[in-house]
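Data first, discussion second: the structure below is written as structure tokens.
Only the coordinates and a few stated rules stand behind these numbers; no lab work does. Here the structure is a predicted model, which means the values were calculated and not measured. Heads up, the Cβs are rebuilt from the backbone with ideal geometry, glycines too, and the neighbour counts pull from every protein chain shown.
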Amino acid sequence: MSKIQRLRDQLYLLQGSRCFYCDRGIPPDERSLEHVVPSSEGGLADCDNGVVVCEAANQLLGTATPKQKMIMLKAGGGKNNKTSGFFCKTAAE
């Protein structure tokens, strides 16, 4: 299992098997790993820089950054009104 697969599995469990953006329950085969800070901008593939999202929300929101996606969802009345990343340290508390 690759580092990315392990990270996706860990975040999936910590997020309660729910999409970070829409709060929908995600079947394991429909989850995607989203970098909070894109790897192209120096973001690391670690638990402090990742969220698990459903494919539908990820595709619907396109290439916006996770922060921009949260702003769009909040403005549109989305269920998930979180404004910052879902960090492993927070979930463990």
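Classify the stretch 7-63 from the C-alpha gyration tensor, please: rounded if a/c falls under 1.5, else prolate or oblate depending on whether a/b exceeds b/c. Oblate, since a/c reaches 1.5 and b/c is not below a/b. Here the 3J(HN,Hα) profile of the stretch 55-70, calculated from phi with Karplus coefficients 6.51, -1.76 and 1.60 at θ = phi - 60°, is 4, 4, 5, 5, 6, 4, 8, x, 9, 4, 6, x, 5, 5, 5, 5 Hz, Gly and Pro shown as x.
At an R0 of 25 angstrom, the distance between the Cβ atoms of Arg24 and Ile4 translates into a FRET efficiency of 0.70.
About its Cα centre, the dipole of the stretch 23-65 is roughly 80 debye, where the only charges are +1 on Lys and Arg Cβ and -1 on Asp and Glu Cβ. Karplus-based coupling profile of the stretch 46-51, in residue order and whole Hz: 9, 6, 8, 10, x, 9, with θ = phi - 60° in 6.51 cos²θ - 1.76 cosθ + 1.60 and x standing for Gly or Pro.
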